[in-house]
Amino acid sequence: LVSIHSYKDALNITVEDDGIGFNTKHNPKGLGLENIEFRLNIIQGTLEIDSMNAGTTITIHIPIQLET
């Protein structure tokens, strides 16, 4: 499931699956997630991974700066 929500000052993207999940402390991020996190850091965005229970939820928060 992929959800995209836009707000006045941010864009949130959530990706969820109902798989078996994984231990985020023992399994390092793959190159894809590391690349996304690196790019988010440049724009002061965040990446959050919840995979302690069955399934995985990845939430990406992207701040939006409106020009005035």
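Inside segment 46-68, residues that are modelled with pLDDT of 90 or more and farther than 18 Å from Val2 by Cα make up a count of 2.
Within segment 1-23, the only residue that satisfies the criterion of being among the hydroxyl-bearing types (Ser, Thr, Tyr) and assigned to a loop (DSSP other than H, G, I, E, B) is Tyr7.
The values are calculated or read from the model by the stated rules, or taken from the named source; none is laboratory data. In this text the structure is predicted, and so the values were computed from the model without any measurement.
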